[in-house]
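Working notes, beginning with the structure itself.
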Amino acid sequence: MRLDLHLARERGLSRRRAKQLIDEGRVFIGPRRIVIASWEVRPGDRVTLRDPHEAPLPRARRYLEVVHEDEHVLVVEKPAGVACERSAQTVASTLVDDIRDYLARSHRTGGRFPSAPRYGRPADAPPAAAETPYLGLLHRLDRETSGLMVYALSPEAEAGLKEQFKRHAIDRRYLAWVEGNVKRASGRLDWPIVKDTAAGGRRMKALQAGGGGAGRPQPEPRGSHAVTHYEVKRRLPGRTLVEARLETGRTHQVRVHFAALGHPVVGDKTYGSRVPAPRQALHAWMLGFAHPVTGKRLAFRSEPPGDFWRAV
């Protein structure tokens, strides 16, 4: 029987309400969150309703790649295919889960600030420490996007980094393979971004005056202000490698701006890519900011993983 029909019958709900619970991520079969209304329920399945943000999720066996760690700041490498944080649709452990587990183990062993924090930190074992380490969440990357992320390990660091994000003082640069031949060697995309109501709010769109015809479209005075600077790094037949620097940080900004330019990110089906690829070819390769406590300028770089290059 379909999951939504099973819930409706067993819980005395309307089918519409049953589907709403599934969409909200509150329905679990055993330890697994199910977000598909047509999922087949079989004899012996244990179906439960839980708080989507509190329910435990299956732990994936991953290694947390720590690029930098001190008393106040943690910089890690996010792999493609891993959600940053939990949402109603999350069905497996997230990057934040991995970080919390790692920090709890570091507290327990007394080795929270190793001198050379780098590769090979297992993130699948559950923490044994009773204390919950401080972790300030500052920004996100899309599930399919890989690359560098920064987290705060103290309240003062969180306040300082949030202020830098607010002032757009964080240097964030992405590498992206986009479809087609981007004609200009560099450019500035200054187009406001809003939710695409025609798509049910599941994606964003750039607001352009002139419809993207001849000449550079001008921004309309509505939507969220969004500016992306880009520079062409390499050209292949039908593909262009670009570096995108964010002046602002809006949802899906790089993906939306290049789609509006007529060059969607390779593998990004949401925004019109027709090229089959392992994932969307977008990587956060550079991250720079002032240390929120010491004021020292920090900058980190990350080479794109193999699947980024296999996208082309």
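The values are calculated or read from the model by the stated rules, or taken from the named source; none is laboratory data. All values derive from a computational prediction rather than experimental measurement. Neighbour counts are summed over all protein chains in view; Cβ atoms, including those assigned to glycine, are modelled from backbone coordinates with ideal geometry.
Values for this structure:
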read-out	value
Complete set of residues in the range 57-75 that are outside any strand (DSSP E or B), out of contact with any Leu (no Cβ under 6 Å at 6 or more places or on another chain) and either modelled with pLDDT of 90 or more or loosely packed, with under 12 Cβ neighbours inside 10 Å (or both)	Pro58, Arg61, Asp70, Glu71
Residue list for the range 153-174, filter: crowded, with 22+ Cβ neighbours inside 10 Å and in a strand (DSSP E or B)	Arg172, Tyr174
Residues that are loosely packed, with under 13 Cβ neighbours inside 10 Å and either modelled with pLDDT of 85 or more or touching a strand residue (DSSP E or B) at 6+ places or on another chain (Cβ under 9 Å) (or both), drawn from the range 76-125	Phe113, Pro114, Arg118, Tyr119, Gly120
Pick from the range 291-300, criterion surrounded by 11 or more Cβ atoms within 10 Å (Cβ to Cβ) and in contact (Cβ under 8 Å) with a residue 40 or more places away in the chain, ranking: farthest from Asp70 (Cα to Cα)	Phe300
Within the range 182-201, considering residues that are in a loop (DSSP other than H, G, I, E, B), charged (D, E, K, R) and free of Cβ contacts under 8 Å to residues at least 12 places away in the same chain, the one surrounded by the fewest Cβ atoms within 10 Å (Cβ to Cβ)	Lys183
Residue that is surrounded by the most Cβ atoms within 10 Å (Cβ to Cβ), among those in the range 1-48 that are hydroxyl-bearing (Ser, Thr, Tyr) and farther than 21 Å from Ser93 by Cα	Ser14
Residues of the range 278-301 classified as closer than 16 Å to Trp177 by Cβ and either among the hydrophobic types (A, V, I, L, M, F, W, C) or touching a Ser or Thr at 6+ places or on another chain (Cβ under 9 Å) (or both), total	7
